[in-house]
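**Student:** Here you go, one structure.
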Amino acid sequence: MNKKLENSLLAIFSVSLIATLGSLYFSEVRGYIPCEMCWYQRILMYPIVIISAVAYIQKNARIALTTAVFACIGGSISLYHYGIQKITFLQESAPSCGQVSCTGAYINWLGFITIPFLALTAFIIIAGVSFYMLKGLKEEK
């Protein structure tokens, strides 16, 4: 495996680890209770840490398709979640998310950075790097 693919695996691992640690910080240290949509995003982010760590150790860039699928699904959920936080029309039609409202924002840095926005950013980076790796794998053949 070439160095670009190896570094890409490391990038996916790093981004997913930071996102995972960030979500755990918000819930376990700051005491923010995750809403239902946050849980779905976690369900899709947390395995990427383990998958990418194993892939990096094994030097297995073929895992890029798996990380791309997880990131695209997670990113779609994050985008919708961010939308119901920031777009009035979507807020009015948002489903009830259980004990904690999905339209609420624990943080709102600079007026637009919320927890789903941070998750969306991580998912976009992971998807982008995964597609870059898939292209690199195709060129290696």
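**Student:** Tell me, yes or no, whether the stretch 43-66 has at least one residue that is among the aromatic types (Phe, Trp, Tyr), out of contact with any helix residue (DSSP H, G or I) (no Cβ under 8 Å at 6 or more places or on another chain) and part of a helix (DSSP H, G or I). If you could, list the steps in order and put the result at the bottom.
**Tutor:** As a first pass, look at the stretch 43-66 and keep what is among the aromatic types (Phe, Trp, Tyr): 46, 56.
Next, only the ones that are out of contact with any helix residue (DSSP H, G or I) (no Cβ under 8 Å at 6 or more places or on another chain) stay: none.
Among the residues of the stretch 43-66, not one is among the aromatic types (Phe, Trp, Tyr), out of contact with any helix residue (DSSP H, G or I) (no Cβ under 8 Å at 6 or more places or on another chain) and part of a helix (DSSP H, G or I), which makes the answer no.
**Student:** If you don't mind, there's one more thing I want to ask. List every residue pair whose Cβ atoms sit under 7 Å apart, with the two residues 6 or more apart in sequence or on different chains, where the first one lies in the stretch 69-83 and is assigned to a helix (DSSP H, G or I) and the second, anywhere, is modelled with pLDDT under 95.
**Tutor:** Ile77/Met37; His81/Met37; His81/Cys102; Gly83/Leu90
**Student:** Another question, if that's okay. Can you tell me how many residues in the stretch 1-32 are loosely packed, with under 15 Cβ neighbours inside 10 Å, at pLDDT 95 or above, assigned to a loop (DSSP other than H, G, I, E, B) and on the phi < 0 side of the Ramachandran plot?
**Tutor:** Within the stretch 1-32, residues that are loosely packed, with under 15 Cβ neighbours inside 10 Å, at pLDDT 95 or above, assigned to a loop (DSSP other than H, G, I, E, B) and on the phi < 0 side of the Ramachandran plot number 1.
**Student:** Could you please tell me which pairs satisfy a Cβ distance under 7 Å, a separation of 6+ or placement on different chains, a first residue in the stretch 114-141 that is modelled with pLDDT of 95 or more, and a second residue that is aromatic (Phe, Trp, Tyr) and surrounded by 16 or more Cβ atoms within 10 Å (Cβ to Cβ)?
**Tutor:** Partner pairs satisfying both residue conditions: Thr114/Tyr82; Ile115/Phe26; Ile115/Tyr106; Pro116/Tyr82; Phe117/Tyr82; Leu120/Tyr82.
**Student:** Here's another thing I want to ask about it. Name every residue in the stretch 105-141 that is surrounded by 12 or more Cβ atoms within 10 Å (Cβ to Cβ) and not in a helix (DSSP H, G or I), in order of residue number. Walk me through it before giving the result.
**Tutor:** Here is the first cut: in the stretch 105-141, the residues surrounded by 12 or more Cβ atoms within 10 Å (Cβ to Cβ) are 105-108, 113-134, 136-137.
Correct list: Ala105, Tyr106, Ile107, Asn108, Ile113, Thr114.
The values are calculated or read from the model by the stated rules, or taken from the named source; none is laboratory data. What you see is a predicted model; the values in this text were computed from it and never measured. Note that each Cβ is placed from the backbone with ideal geometry, even for glycine, and that neighbours are counted across all protein chains shown.
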